[in-house]
Amino acid sequence: MSVPYETAAYEPAESPESPEEHLARLLGRALNSFELPDDTIRRLDCALAHDSSLHSAHHSAGLHRETYRHTWLLADGCALTLWELVHNTALGSEPQHEVYVDEEELRTATARLPLPQDAPDFELPVMVSPAPVRAPRHVYVPDDSADHARRLLRRAENSDRPGADTAALLTTAFAHQITQAFGRPCRAGRIGLGFALYEHAFLLRDGREISLWEVEHTATPDGRHMCEVYPTEAEAREAMERRAAQVS
């Protein structure tokens, strides 16, 4: 169900903000931002991505109230949410913004608003169930991640490495983590044959996570070190098995 106001003016889709810019804009318009705990602000300094959504709305007799949920993904993998209350306290008055750290504070603030409760014909309640914000699987480090992805793909020697679409997507990466993957070992048919598997996980500006799987091995005719990159762990492990079988 739609609400009788222009949501695009609230969060311009054509002008995506960084987590820092979004937080600064939210705190700049909130009348009570000085009441937020210092620890909350410090934690938001390490935000990697953010998501905002309409939580509820109430319009009645010219008065209105909307609540928004703003969630940030932090570098430690946790999610932190602030609740914004937007309302007018008199007919035709300018909207006021308030921000709270939990829903209980939000409910207390909402209860004191002068919204009439005896005009159901004019009431338009809206409840939106926003998609849950999934915490990232990795502890990302903001770095020159787009360049790291470019160099990784450039040194890959396998012809079936991820192509131009993946490379273009990774130009928006701004944080990454590299971990060595263990598990089912491949067959080593030759003494001294070495294999290693690494996951390069990237966090994109829109909050998505993408992993590239790097196989480093010496399964070459002359024992030369070789790098291959695959889009999935399964493909990388299959390649390890195939390489080992070729030299056994």
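The values are calculated or read from the model by the stated rules, or taken from the named source; none is laboratory data. Quick caveat: nothing in here was measured; it's all calculated off a predicted structure. Using ideal geometry, Cβ is built from the backbone for each residue, glycine included, and neighbour counts are taken over all protein chains shown.
ALA219 meets each of the listed conditions (1) touching an Asp or Glu at 6+ places or on another chain (Cβ under 9 Å); (2) surrounded by 18 or more Cβ atoms within 10 Å (Cβ to Cβ) apart from (1). Screening ALA164 against (1) under 24 Å from ARG224 (Cα atoms); (2) free of Cβ contacts under 8 Å to residues at least 60 places away in the same chain; (3) not β-branched (Val, Ile, Thr) leaves a single unmet condition, (1).
Of the residues that sit in region 153-179 and are buried (at least 17 other Cβ atoms within 10 Å of the Cβ) and not hydrophobic (A, V, I, L, M, F, W, C), which one is farthest from LEU204 (Cα to Cα)? Selected residue: ARG161.
As a summary of the residue check, LEU203 satisfies the conditions (1) under 14 Å from LEU170 (Cβ atoms); (2) at pLDDT below 90; (3) surrounded by fewer than 18 Cβ atoms within 10 Å (Cβ to Cβ) except for the one numbered (3). Of the residues making up region 61-73, those that are touching a Leu at 6+ places or on another chain (Cβ under 6 Å) and farther than 16 Å from TYR100 by Cβ number 3.
Tallying residues that are touching a Gly at 6+ places or on another chain (Cβ under 8 Å) and either at pLDDT 80 or above or of a type in the set (D, E, K, R) (or both) within region 51-78 yields 2. Restricting attention to region 51-81, the residues that are within 30 Å of HIS176 (Cα to Cα) and free of Cβ contacts under 8 Å to residues at least 60 places away in the same chain total 9.
Does ASP38 meet the test of being more than 26 Å from ALA111 (Cβ to Cβ), exposed (fewer than 12 other Cβ atoms within 10 Å of the Cβ) and modelled with pLDDT of 80 or more? Yes; evaluated as a whole, the condition is true for this residue.
LEU82 satisfies every condition listed in (1) more than 16 Å from ALA111 (Cβ to Cβ); (2) outside any strand (DSSP E or B) except (2). Taken together, GLU214, GLU241, GLU228 contain a single residue that is over 30 Å from GLY77 (Cβ atoms) and not in a loop (DSSP other than H, G, I, E, B), which is GLU241. For region 182-195, the condition holds for no residue, the condition being that it is within 30 Å of GLU20 (Cβ to Cβ), of a type in the set (Phe, Trp, Tyr), part of a strand (DSSP E or B) and at pLDDT below 95. If you check ALA79, ALA57, ALA75, ALA47 for being under 24 Å from the mean Cα position of the chain (by Cα), surrounded by 14 or more Cβ atoms within 10 Å (Cβ to Cβ), farther than 20 Å from LEU36 by Cα and of a type in the set (A, V, I, L, M, F, W, C), only one passes: ALA75. Across region 82-103, the qualifying residues are those that are of a type outside the set (A, V, I, L, M), at pLDDT 90 or above and surrounded by 17 or more Cβ atoms within 10 Å (Cβ to Cβ), and the one among them that is nearest to PRO37 (Cα to Cα) is TYR100.
Mind counting the residues in region 36-79 that are part of a strand (DSSP E or B) and among the charged types (D, E, K, R)? Of the residues in that region, 4 qualify.
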